[in-house]
Amino acid sequence: MFKPRPKQAEVLAYRRGLLGVAAVPGSGKTATLSALAARLLTETELADGQEILVVTLVNSAVANFSRQIKAIVQQGNLLPGYGYRVRTLHSLANDIVRQMPSAAGLSEQFSILDERASNEILADAVDAWARRNPDAADAYLGAEHLNNPQVRTTHWVKLLIDSARDFIRQAKDSLLTAAAVAARAERRGGQLPLAAIGSEIYQEYERALAYRGAVDFQDLIRLALQVLQERPDYLASLRQKWVYILEDEAQDSSRLQETILRLLAGAGGNWARVGDPNQAIYESFTTADPKYLRAFIAAPGAQARELPNSGRSMRSIQRLANRLIQWSLAHPNAAIAQRRPLTTPYILPTPAGDPQPNPPDNPDALVLYAEAFSPSREAMLVTESCKRWLAENPRRTAAILVARNGRGSEIVQFLRRKEVPYVENLNSTSTTRAVVGALARLLGFLADPKSAAKLAAVYRVWRRDEREIPGREREINAIAERLKRIKRVEDLLAPRLVDWLEEALPADEDKPLRAHLLDFREQAAAWLRAVEMPIDQLLLALTGDIFRNVTDIATAHMVALHLARLAQANPQHRLPQFAAELYGIAQNKIKFAGLTDEESQFDPDAHAGKVTVTTLHKAKGLEWDRVYLISVNNYDFPSAEPDDTFIGERWFLRDRLNLSAEARAQLAALRSDGAYAEGAASAAARIEYAAERLRLLYVGITRARRALTITWNTGRNGDAREATPLLALRAWWESERAKGADHAPGR
């Protein structure tokens, strides 16, 4: 039975109009919104066909809301599932467009491309454009990289894909079609070259969608708005149907999403929005911005409420999070402070007698390291600490939070060596990545069989099961190094005039090694003969030769199925593209969840006695008893200071340009027919990124219940320094511990 706190009761008192609620982490906002939906169902006389619409961010939240609302309405003897509808914004948009496809300019049989398929189409469009414009990179590469073929092909094309994706996303959020962008770009002549590039790729991308009779997820939002604007009769029927709109995770709403819900609510309609602007951490990936929720809450006529009480964390952790808010409002960089990256309410403990009281406070369990660790030493420190703590607390939960999947993969290796029980919540698990990596190397060699380096890599894959045998790794590496130095691979695999094996190992020398390499020659030649097989059959054939472990074989079968689907969607794909796909999965750059959707339903409490390794983005909405927040340096958490580096600024570009930011700025200049100054957008992007990373740090801190450890490292090159906000928090915490003070709640 849901027993509301006083502040939750204020939200439950809502009956009509606009309501904006700012919630803190662990305040029970989902439970409160579910209870509000149930109360409105109980106390509102709905006509036949009328419903309460609940809109949330992700599919897993849909099931959570439905379950909570159902449990409450059953207690009131109401029919579960009757009188309310729970949707993600994208599924809601899909419902609207499916009802009126002609108003959206679509046929009845239109399809929706998933993110992977749309990314493939975009990559093809960019690749075609890059081949037609081989010198386009010259205007943006640093002088020292102009003659670097790898930069001009691989790195430049990858950057173009990212930039084009952002450009198209922003154009669609601004309701600019490809034709409209092209017309505006043509009027500006050559003044905005990045906008011209984006326009051409946008047009090619849209032609590919039209050829398939498909739309992407971004189109759904845009077209749903178009339907509502062009069919006022249909809009009126939806307003009549959805007498209340309750929105969760409103901090992640974009301008277009907010416009759709505002239209559905109508003037004088009933629209309640709940969110935490301090947990808006997806700006870099979407067009979302917490400013829309903040403006809504502050708007005249809106009822403003707060959910400041949280029973999740001990008081010391809450105070640290509050201090980060306070510090950010007076950030040493005035431009960041002006953006108000973090705002009140401060986190308050739960009131006396609350069913979810805060864990007992233990200031000693909050540790902020000053020491500059190397990445490996930091990983070892955290691993050993985790092992000790789990041994002492086998029924508790723990997590190591990282900013990047790659760092998470490194941590997993340390945990495995020290035999620390762990579970991964990354893009893919280490076991999956190892299997996929082996298959990627095999496909990479089959796509480029003249490469001695790839032959050596395949040899290591062939002997993968032997590496755990003491002393065997050194032997394998020694042979692989010899293979890597072969000048002509065919002299080993398909000798005619010259047989490398005869020259390197005459018949009377090292007979066991010679026999061993003859076996490898036969195996590699068999793989090369199989390259004409369909990709899934080829992968299954390779699997039978390489893997012995049942789990590895099962994973390989899922990979084969994955590539079969990829081949069906992209009939032009060949071995290089399939190998690139697997390399992306193995490097944690491409999501691979097999046949299940377990990631979206991750439950930390189901993994007590193990440490979870997860990214900060995936940790949102989750909590653990003990949290290690690592790598808090000025690379992963920059503050727009002169020596900070930014992920958006590629090392091979001139003048520290952020190509995506500059392209979006040129698009804005097209849209407004305004001016454009090169570099201004890159500088602004640093501020925006630093603000978002502050919120990401806040999310990390507020995942911890009973214990929190924060560390930083000097990075790959040894020149990273402690993140500025961590330095400030550590100085404050050391001062507080020295004083032994316990400030008033909220400070």
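For the stretch 432-479, what log10 I(q)/I(0) values come out of the Debye formula at q = 0.16, 0.18, 0.23 1/Å, with one point per alpha carbon and no solvent? Each listed q corresponds, in turn, to -0.45, -0.56, -0.82. The C-alpha atoms of the chain define a longest principal axis, and helix 405-417 lies at about 70 degrees to it. Accessible area per residue for the stretch 466-506 is 71 Å², calculated with a 1.4 Å probe on protein heavy atoms, without ligands, DNA or RNA. Taking 0.692 mPa s as the viscosity and 37 °C as the temperature, the Stokes-Einstein diffusion coefficient of the stretch 367-500 based on its alpha-carbon Kirkwood radius rounds to 182 µm²/s. Gyration tensor over the Cα atoms of the stretch 300-361: the corresponding equivalent ellipsoid has semi-axes (square roots of 5 times the eigenvalues, largest first) of 26, 18, 5 Å. Helical runs assigned H by DSSP (4 residues or longer) give the chain a calculated mean residue ellipticity at 222 nm of -16000 deg cm²/dmol, each run adding -39500 (n - 2.57) before division by the residue total. Under a 5 Å amide H cut-off, with hydrogens placed 1.01 Å from N, Thr612 pairs with Ala398, Ala399, Ile400, Val423 among residues at least 5 apart or on other chains.
Sorting the segments 432-440, 134-142 by their mean number of nearby beta carbons within 10 angstrom, highest to lowest, gives 432-440, 134-142.
Report, to the nearest 10°, how far helix 29-43 tilts away from the longest principal axis of the Cα atoms in the chain, using its own Cα long axis and a range of 0 to 90°. Taking Cα atoms only, the helix is inclined about 50 degrees. Here, the stretch 325-374 yields an orientationally averaged convex hull projection of 6.3 nm² when only Cα atoms define the hull. Asp248 sits with roughly 10 Å² accessible to a 1.4 Å probe, with DNA, RNA and ligands left out of the calculation. Counting only residues at least eight positions apart within a chain, or on another chain, the lysines with an alpha carbon under 30 Å from that of Lys620 are Lys3, Lys7, Lys29, Lys70, Lys158, Lys172, Lys291, Lys387, Lys418, Lys589, Lys591, Lys610. Accessible surface of the stretch 185-309, 1.4 Å probe: 50 percent of it comes from carbon and sulfur atoms.
Cross-link reach is defined here as a Cα-Cα straight distance under 20 Å, omitting same-chain residues fewer than 8 places apart; for Lys484 the lysines meeting it are Lys450, Lys454. In the context of the full set of protein chains, residues of the stretch 245-371 present 37 Å² of accessible surface per residue (probe radius 1.4 Å, heavy atoms only).
The mean sequence distance of close C-alpha pairs (under 8 Å, at least 6 residues apart), as a share of the length of the stretch 136-234, puts its relative contact order at 23 percent.
Based on alpha-carbon atoms, the Kirkwood radius and the radius of gyration of the chain give Rg/Rh equal to 0.99. Note on the stretch 452-505: along the principal axes its Cα atoms extend 39, 20, 14 Å, ordered by decreasing extent.
Atom-type composition of the exposed protein surface of the stretch 480-537 places 50 percent of the accessible area on carbon and sulfur (1.4 angstrom probe). Size descriptors for the stretch 275-418 (Cα atoms only): Rg and Dmax, in that order, 19.0, 59 Å. Using a cutoff of 8 angstrom between alpha carbon atoms and counting only pairs six or more residues apart, the relative contact order for the stretch 617-685 works out to 20 percent. Each Cα pair under 8 Å and six or more residues apart adds its sequence gap; the mean of these over the residue count of the chain is a relative contact order of 19 percent. The Rg/Rh ratio of the stretch 131-249, with both radii computed over alpha carbons and Rh defined as the Kirkwood radius, is 1.13.
For Ala23, nonlocal amide neighbours, meaning residues 5 or more places apart or on other chains whose placed amide H falls under 5 Å from its own, are Gly275, Asp276, Leu307.
Looking at the stretch 596-747, the accessible area is 39 square angstrom per residue; that uses a 1.4 Å probe and ignores ligands, DNA and RNA.
Each residue of the stretch 217-233 is assigned a 3J(HN,Hα), and the resulting list reads 5, 5, 4, 4, 5, 4, 6, 4, 5, 4, 4, 5, 6, 8, 10, x, 5 Hz, derived from the Karplus form 6.51 cos²θ - 1.76 cosθ + 1.60 (θ = phi - 60°), x at Gly and Pro. Annotation for the stretch 465-522: trypsin sites (Lys or Arg not before Pro) lying in DSSP loop with at most 15 further Cβ atoms inside 10 Å of their Cβ are Arg467, Arg485, Lys487, Arg488, Arg496.
Ordered by 1.4 Å accessible area with all protein chains kept, Phe167, Phe414 run largest first as Phe414, Phe167.
Here the stretch 442-568 is described by how far its Cα atoms reach on the three principal axes: 49, 37, 19 Å, from widest to narrowest.
A DSSP coil position with no more than 15 other Cβ atoms inside 10 Å describes the following chymotrypsin sites (Phe, Trp or Tyr not before Pro) in the stretch 285-379: Phe285. Per the Kirkwood formula applied to alpha carbons, the stretch 179-319 shows a radius of gyration over Rh ratio, Rg over Rh, of 1.08. What is the stretch 631-679 by shape, rounded, prolate or oblate, if you read a ≥ b ≥ c off the alpha carbon gyration tensor as root eigenvalues and call it rounded for a/c under 1.5, prolate for a/b larger than b/c, and oblate otherwise? Prolate is the answer for the stretch 631-679, as a/c is 1.5 or above and a/b outweighs b/c.
Taking GluC sites (Glu not before Pro) as candidate sites, keep only those in a DSSP loop with at most 10 other Cβ atoms within 10 Å, then name the longest stretch of the chain containing none of them. Here the longest run is 109-418. Around the amide H of Val54, modelled in the peptide plane, lie the amide H atoms of Arg85, Val86, Arg87, Leu246, all under 5 Å away and 5 or more residues distant in sequence or on another chain.
If you model the stretch 127-169 as an ellipsoid using its alpha carbon gyration tensor, with each semi-axis the square root of five times an eigenvalue, the axes come out at 19, 11, 9 Å, biggest first.
Using every pair of distinct Cα positions in the stretch 605-747, the Kirkwood expression returns a hydrodynamic radius of 17.8 angstrom.
Taking Cβ atoms as reference points and 14 Å as the exclusive limit, the residues near Phe414 contribute a net charge of +1, counting Lys and Arg as +1 and Asp and Glu as -1. Across the stretch 11-53, Cα-Cα pairs farther apart than 13 Å form 59% of the total.
The values are calculated or read from the model by the stated rules, or taken from the named source; none is laboratory data. What you see is a predicted model, and the numbers here were worked out from it, not measured in a lab. Counting neighbours? That spans all protein chains shown, and the Cβs are built from the backbone with ideal geometry, glycine included. Side chains are part of the model used for accessible areas, which takes the heavy atoms of the whole protein and leaves out ligands, DNA and RNA. Shrake-Rupley method; radii C 1.70, N 1.55, O 1.52, S 1.80 Å.
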